[in-house]
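Okay, structure first, notes after.
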């Protein structure tokens, strides 16, 4: 693909990774960053043809944008998406971790059909532009929620996603939020809880690779996860309650000397893993 201008709204890990690939593979004639502050001295500012900070600079950048990718936290997307759609005639997509609240924010917007809700299932324990990589999305799922989007907008965003090496998965916004509650949000809560309680019980002196693997994502960034928990609380709470009931039941069985239920859940997990692509 060859875009006249690709605009990265939020030059952090996700936005920077898209930018690196676009620059190295000639996906656009012009690559522009929109951010709330000027680049840090350690950031590769030369990655972009322009860096827009002030409202006037941002308005000018959006005016000329063929495709704008919003790569900022969910609350910022909700707040800024209506204005972004009003200031550009181009296509807009986002990379937010929840979708229902974002889609609701522009439900009646006159530019709604130019917006495609999206979520790349990729990341890095450390954020920031300095950790961006053009290979971040290779082989990863990238969820798109096409309801309300025009065929042109969806086609353009899907073309970018495929160019980045990701696999497109289409879901409704509500389906997305219910699914990532299980696959991303609950694991964050469980990993963080396990990490804290192991410390409180003075057990970390016995921690090995298994514990490190199980708690790798623990303690996620407050800004990002506060938005996630605030905009997907019902689905996360429902899933956590289900897990909690299951763990409580297994705990009671084990305290009574019965390991049958625990061994059964391990067997079920092995069967599930066998079904997943290698």
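The values are calculated or read from the model by the stated rules, or taken from the named source; none is laboratory data. Nothing here was measured: the structure is a model prediction, and the numbers come from that model. A quick note on method: Cβ atoms are made from the backbone with ideal geometry, for glycine too, and the neighbour counts reach across all protein chains shown.
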Tally, over the stretch 136-159, of residues that are within 24 Å of residue 46 (Cβ to Cβ) and touching a helix residue (DSSP H, G or I) at 6+ places or on another chain (Cβ under 8 Å): 2
Search result, residues across the stretch 161-201 that are surrounded by fewer than 19 Cβ atoms within 10 Å (Cβ to Cβ) and outside any helix (DSSP H, G or I): 165, 167, 168, 169, 170, 172, 201
Residue 94, sole failed condition from (1) buried (at least 23 other Cβ atoms within 10 Å of the Cβ); (2) touching a residue at least 40 places away in the same chain (Cβ under 8 Å); (3) within 18 Å of residue 15 (Cβ to Cβ): (2)
The stretch 73-93, subset at pLDDT 95 or above and in a loop (DSSP other than H, G, I, E, B), residue farthest from the chain's Cα centre (by Cα): 89
Pick from the stretch 123-153, criterion surrounded by 19 or more Cβ atoms within 10 Å (Cβ to Cβ) and assigned to a helix (DSSP H, G or I), ranking: nearest to the chain's Cα centre (by Cα): 129
Residue within the stretch 220-229 that is touching a helix residue (DSSP H, G or I) at 6+ places or on another chain (Cβ under 9 Å), assigned by TED's automatic domain parsing to the domain that holds residue 100, over 23 Å from residue 277 (Cβ atoms) and part of a helix (DSSP H, G or I) present: no
